[in-house]
Amino acid sequence: MHHFHYRNGTLHAEDVAVSDIADAVGTPFYCYSTATLERHYKVLAAALPAGTLIAFAVKANGSLAVIRTLARLGAGADIVSGGELKRAIAGGVPASKIVFSGVGKTREEVGLALSHGILQFNAESEEELAVISEVATSRGQKASVALRINPDVDARTHAKISTGKAENKFGIAWHRAEAAYAQAAGLPGIDVAGVDMHIGSQITEIEPFREAFGKLAGLVRRLRSQGMRIKRIDLGGGLGVPYTKGDEPPLPASYGEVVRAVFAGLDADLIVEPGRLITANAGILVSRVVHVKRGDQRTFVILDAGMNDLVRPAMYDAHHDIIPVREPEKSENRVYDVVGPVCESADQFARNLALPPLSADELVAILSAGAYGAVQASSYNARPLVPEVLVSGRHFAVTRPRQTVEEMIARERMPDWLG
Ligand code: LLP
């Protein structure tokens, strides 16, 4: 579900013509829809048991305006760095709704999070438990901690975004869970508050969730029978989204049903950490065709956006639908390879894509780019980070202006000896 549609022959983001934004900010740019963000949040909230904390995974989209849009609806934040903590706070998320995940939290980051009084640390190892305890004790605090347990479940998603198998670096091994809780209970700076899991991303079947949730619920019962006070259960994120026609990941409603079925009666506060589900289809990357290049064997549509702006196709073989901004007339499609200008063969958005005939200077929109898009951008090939724009109804605002090459250069320092 999203709010990017053709109207009067041209693509609109809600009530704003995408070409008007392009005229104002140039290309490429990311464009997010408030209505889509809100709808996704509300659909998920309605599907989950009342009171479940939706801690938006800031890693999916770090835009302060996006974070604030969600915070206003009641969202918390799942963060994985001190930087994301600062972003979440700047976006208006109360510290009391922030959970801190990630395998490599430094002492400084733990201290920063304690100083803000976040809801919970999701500790990913026995080693980390010791560090959190030490930092908390030195500050005269107790850290509220859930242990991220790796349930050893196959999420059946792309290997690079699968996290819940024993071979993955994430979480505490399933067979060591109870021993880790015993360790945590004995640490002076730790207040054991809950359990946590996250098995992967873009999960398109319900079964891996059912299996992992079931294991986790069993663990909660065992821990409680050992006298451990487990008041929170954090289920992580991972629910997949449709990237193209025919993709049918489980709906939030089915996910919610499984959550209810498994955790009803456990009397715990539930937390989820969705990222992609909320923002992926709420964002597009708008780009202009630089050339249509007829190669010997293939025809290349060369865009002014590249893998540095959206790395998902190059990195995860991800598919993103691409559509022209001008509504195509009924005509024969052509077959194109859609590529960027970056000097890498991997800089390719789509291969053998059937598209209406395109020509230089036309605008296209790369869809479903609102999650793991702008946040994973780089300035490779000295290409500045592109603007982010938020639309709401008839309005749009540039929430992050285009970086300039001058700014990039000005940040550097020449060593004395080079003059
Ligand atoms: N919680 C934790 C601990 C995570 O590691 C992640 C994502 C999430 C929540 C949110 O997962 P989501 O609901 O968005 O699936 N860059 C990759 C995806 C990496 C996901 C990393 N962890 C991509 O573009 O596909």
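Quick notes on this one:
To keep it simple, each residue is scored yes or no on (1) charged (D, E, K, R); (2) in contact with a helix residue (DSSP H, G or I) (Cβ under 7 Å, 6 or more places away or on another chain); (3) outside the structural domain of ILE21 (by TED's automatic domain parsing).
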{"position": "ILE284", "(1), (2), (3)": "no, no, no"}
{"position": "ARG288", "(1), (2), (3)": "yes, no, no"}
{"position": "ILE302", "(1), (2), (3)": "no, no, no"}
{"position": "LEU310", "(1), (2), (3)": "no, no, no"}
{"position": "HIS320", "(1), (2), (3)": "no, yes, no"}
{"position": "SER331", "(1), (2), (3)": "no, no, no"}
{"position": "ARG334", "(1), (2), (3)": "yes, no, no"}
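Matching residues to (1) within 22 Å of the chain's Cα centre (by Cα); (2) closer than 19 Å to ALA123 by Cβ; (3) more than 16 Å from the ligand (Cβ to nearest atom):
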site: GLY194; (1), (2), (3): no, yes, no
site: GLN202; (1), (2), (3): yes, no, no
site: ARG229; (1), (2), (3): no, yes, yes
site: LEU235; (1), (2), (3): yes, yes, no
site: GLY240; (1), (2), (3): yes, no, no
site: LEU251; (1), (2), (3): yes, no, no
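- Selection count where residues are in contact (Cβ under 8 Å) with a residue 60 or more places away in the chain, within 16 Å of the ligand (Cβ to nearest atom) and of a type in the set (A, V, I, L, M, F, W, C), scope the range 349-381: 7
- Any hit, the range 374-385, residues being under 22 Å from VAL18 (Cα atoms) and open to solvent by less than 10 Å² (accessible area, probe 1.4 Å): no
- Pairs with Cβ under 7 Å, 6+ apart, first in the range 48-61 and within 11 Å of the ligand (Cβ to nearest atom), second part of a strand (DSSP E or B) and open to solvent by 10 Å² or more (accessible area, probe 1.4 Å): none
- Residue within the range 335-345 that is under 23 Å from the mean Cα position of the chain (by Cα), open to solvent by less than 60 Å² (accessible area, probe 1.4 Å) and of a type in the set (Val, Ile, Thr) present: no
- Looking at LYS160, LYS215, just one residue is out of contact with any strand residue (DSSP E or B) (no Cβ under 8 Å at 6 or more places or on another chain) and within 14 Å of the ligand (Cβ to nearest atom), and that residue is LYS160.
- Residue in the range 349-359 that is within 28 Å of LYS293 (Cβ to Cβ), modelled with pLDDT of 95 or more, open to solvent by less than 20 Å² (accessible area, probe 1.4 Å) and among the small types (Gly, Ala, Ser) present: yes
- Scanning the range 323-348 for residues that are hydroxyl-bearing (Ser, Thr, Tyr) and either within 20 Å of PRO387 (Cβ to Cβ) or without any contact (Cβ under 8 Å) to a residue 24 or more places away in the chain (or both) turns up just one, SER345.
- Tally of residues being more than 13 Å from the ligand (Cβ to nearest atom), hydrophobic (A, V, I, L, M, F, W, C) and either open to solvent by less than 10 Å² (accessible area, probe 1.4 Å) or in a strand (DSSP E or B) (or both) across the range 131-146: 4
- Residue among GLY275, GLY246 that is away from the ligand (no atom under 12 Å from the Cβ) and modelled with pLDDT of 95 or more: GLY246
- Residues that are in contact with a strand residue (DSSP E or B) (Cβ under 8 Å, 6 or more places away or on another chain), within 16 Å of the ligand (Cβ to nearest atom) and more than 26 Å from ARG260 (Cα to Cα), drawn from the range 62-86: SER63, VAL66, ILE67, VAL80, GLU84, LEU85
- Long-range neighbours under 7 Å by Cβ, at least six apart or interchain, first residue more than 14 Å from ASN281 (Cβ to Cβ) within the range 302-322, second within 13 Å of the ligand (Cβ to nearest atom) and assigned to a loop (DSSP other than H, G, I, E, B): ASN308/ALA377; ASP309/ALA377; LEU310/ALA369; LEU310/GLY373; PRO313/HIS320; ALA314/MET307; TYR316/HIS158
- Exclusive hit being touching a residue at least 24 places away in the same chain (Cβ under 8 Å) and either surrounded by 10 or more Cβ atoms within 10 Å (Cβ to Cβ) or out of contact with any Lys or Arg (no Cβ under 6 Å at 6 or more places or on another chain) (or both), set ARG411, ARG402: ARG402
The values are calculated or read from the model by the stated rules, or taken from the named source; none is laboratory data. Predicted model only: the values in this text are computed from it and were never measured. Because the Cβ atoms are built from the backbone with ideal geometry, glycine has one as well, and the counts that use them run over all protein chains shown. We work out accessible area using only protein heavy atoms, side chains counted, and drop any ligands, DNA or RNA first. Shrake-Rupley method; radii C 1.70, N 1.55, O 1.52, S 1.80 Å.
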